[in-house]
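Novice: Starting off with a structure, shown below.
The values are calculated or read from the model by the stated rules, or taken from the named source; none is laboratory data. Here the structure is a predicted model, which is why all the values come from computation and not from measurement. Note that each Cβ is placed from the backbone with ideal geometry, even for glycine, and that neighbours are counted across all protein chains shown. What goes into the accessible areas is simple: the full protein's heavy atoms, side chains included, and nothing from ligands, DNA or RNA. Shrake-Rupley method; radii C 1.70, N 1.55, O 1.52, S 1.80 Å.
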Amino acid sequence: MDLIPVDRIGRPDAPSRLQSADGLSSSDMSRPRLPAWFRVQAQTGPDYLYIKRVLEELKLHTICEEARCPNRWECWNARTATFLILGDICTRRCHYCSVQTGKPLPLDLKEPGRVAEAVRALGLRHVVVTSVNRDELSDGGAGMFAATIRETRRLNPDCTIEVLIPDFGGDAAALNEVCCARPDILNHNIETVARLFPAIRPQGKYGRSIEVLRQAKQQGMTTKSGLIVGMGETLDEARQVMRDLRSGECDILTIGQYLQPTKQHIPVERFYEPALFDALKTEALALGFHHVESGPLVRSSYHASDHAGLDRNQE
């Protein structure tokens with residue numbers, strides 16, 4: 001079982017990084033060296049390989065792969081995965097995200113059924129479904145989210161369902177369509193602080209993201225959001241995000257460390273030590289969040305079954 005630095009996970013050029021005269025690779029020179037706590041266990045066990053085969057056979061995407069998640073070995077070996085619907089090409093270009101951007105392909109109307117089949121084949125008790133942004137669609141893809149929820153529940157009545165949605169351009173009708181399908185958890189990630197939003201998420205709006213969560217809560221949803229730290233925010237700004245989320249009664253929060261996917265993305269400004277993540281978790285719980293995941297390798301769907309009140313060891 002190998003311990004692999006997370007900045008090499010999923011990078012096709014990782015084994016052949018060019019060395020400079022002083023022994024540093026081009027990646028080492030352009031990006032800060034990772035702290036010692038950024039190590040993950042890369043183990044392709046039978047469950048990992050089974051998930052990979054099911055996804056390939058059903059022609060499905062996962063954000064685990066598209067976003068180069070450092071936890072996918074752990075999650076896939078526990079038979080959990082986050083499905084990526086609406087294709088794998090995003091209409092937005094966020095400067096921290098490695099998902100491909102460009103002109104998307106037409107919708108695959110059979111995709112919701114294939115996600116439901118994958119959930120059944122994998123025997124999942126909790127499933128997370130997310131998507132790329134599809135700003136060219138009149139509903140932003142909300143109808144496909146609703147169809148995926150309905151199909152998944154039809155084939156898997158005992159499985160809890162979490163959706164990680166885009167902002168739908170602030171379209172209340174689109175959000176309502178997803179809420180009416182009654183997912184168990186509705187997640188919309190805030191990602192960064194208000195000051196950095198225009199530079200890091202230029203096609204999004206901080207206030208709009210807060211309002212999406214507020215409206216979802218008003219429709220009876222259990223709501224969730226995620227914050228990425230290390231992109232240049234101050235601690236006080238991160239704390240303000242937590243307060244803003246709680247002002248709309250957001251229930252669940254994830255806090256994780258930003259890691260620069262490629263040299264074309266914004267650099268890491270700061271690595272938070274594990275103790276600081278623990279402190280932020282304590283503060284967030286004191287604000288009233290019902291559940292908080294906070295740590296260097298935490299991502300939005302990490303231990304998601306815990307957020308739904310399930311024991312992930314039983315999945």
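Novice: Might you check whether a residue that is over 20 Å from P296 (Cα atoms) and modelled with pLDDT under 90 occurs anywhere in the stretch 67-74? Spell out how you get there, then give the answer.
Specialist: Initial filter on the stretch 67-74 (over 20 Å from P296 (Cα atoms)): none.
No, that holds for no residue.
Novice: Going by the structure shown, is D108 closer than 30 Å to L196 by Cβ, open to solvent by 50 Å² or more (accessible area, probe 1.4 Å), acidic (D, E) and not in a strand (DSSP E or B)? Before you say what the answer is, go through the steps one by one.
Specialist: On the way: closer than 30 Å to L196 by Cβ: no; open to solvent by 50 Å² or more (accessible area, probe 1.4 Å): yes; acidic (D, E): yes; not in a strand (DSSP E or B): yes.
Considered against the rule, which asks whether it is closer than 30 Å to L196 by Cβ, open to solvent by 50 Å² or more (accessible area, probe 1.4 Å), acidic (D, E) and not in a strand (DSSP E or B), D108 comes out as no.
Novice: Is it true that E191 is among the acidic types (D, E), modelled with pLDDT of 95 or more and within 17 Å of the chain's Cα centre (by Cα)?
Specialist: yes
Novice: Would you check which residues across the stretch 189-219 are open to solvent by 50 Å² or more (accessible area, probe 1.4 Å) and of a type in the set (D, E) and list them?
Specialist: Scanning the stretch 189-219 gives a single hit, E211.
Novice: Based on this model, can you work out whether L280 counts as open to solvent by 10 Å² or more (accessible area, probe 1.4 Å) and hydrophobic (A, V, I, L, M, F, W, C)? Explain how you work it out, then say what you get.
Specialist: On the way: open to solvent by 10 Å² or more (accessible area, probe 1.4 Å): no; hydrophobic (A, V, I, L, M, F, W, C): yes.
Against the criterion (open to solvent by 10 Å² or more (accessible area, probe 1.4 Å) and hydrophobic (A, V, I, L, M, F, W, C)), L280 does not qualify.
Novice: G87 is checked against (1) in a loop (DSSP other than H, G, I, E, B); (2) in contact with a Ser or Thr (Cβ under 9 Å, 6 or more places away or on another chain); (3) modelled with pLDDT of 95 or more and fails just one. What number does that condition carry?
Specialist: Unmet condition: (3).
Novice: Moving on. Going by the conditions given, is D139 surrounded by fewer than 24 Cβ atoms within 10 Å (Cβ to Cβ) and in contact with a Phe, Trp or Tyr (Cβ under 8 Å, 6 or more places away or on another chain)?
Specialist: Values: surrounded by fewer than 24 Cβ atoms within 10 Å (Cβ to Cβ): yes; in contact with a Phe, Trp or Tyr (Cβ under 8 Å, 6 or more places away or on another chain): yes.
In short, yes.
Novice: Further, regarding this structure: If you take the residues of the stretch 239-266 that are over 20 Å from R299 (Cα atoms) and outside any helix (DSSP H, G or I), which of them is least open to solvent (accessible area, probe 1.4 Å)?
Specialist: The selected residue is G248.
Novice: Determine which single condition H95 fails, assuming it passes every other condition in (1) without any contact (Cβ under 8 Å) to a residue 60 or more places away in the chain; (2) in a loop (DSSP other than H, G, I, E, B); (3) open to solvent by 20 Å² or more (accessible area, probe 1.4 Å); (4) not hydrophobic (A, V, I, L, M, F, W, C).
Specialist: Result: H95 passes all but (1).
Novice: For L186, indicate whether it is modelled with pLDDT of 95 or more, closer than 22 Å to T82 by Cβ and open to solvent by less than 10 Å² (accessible area, probe 1.4 Å).
Specialist: Criteria met by L186.
Novice: Residues of the stretch 115-136 being in a helix (DSSP H, G or I) and open to solvent by 50 Å² or more (accessible area, probe 1.4 Å), which ones? Please lay out each step first, then the result.
Specialist: Filtering the stretch 115-136 down to residues in a helix (DSSP H, G or I) leaves 115-122.
E117, R120 - these are the residues of the stretch 115-136 that are in a helix (DSSP H, G or I) and open to solvent by 50 Å² or more (accessible area, probe 1.4 Å).
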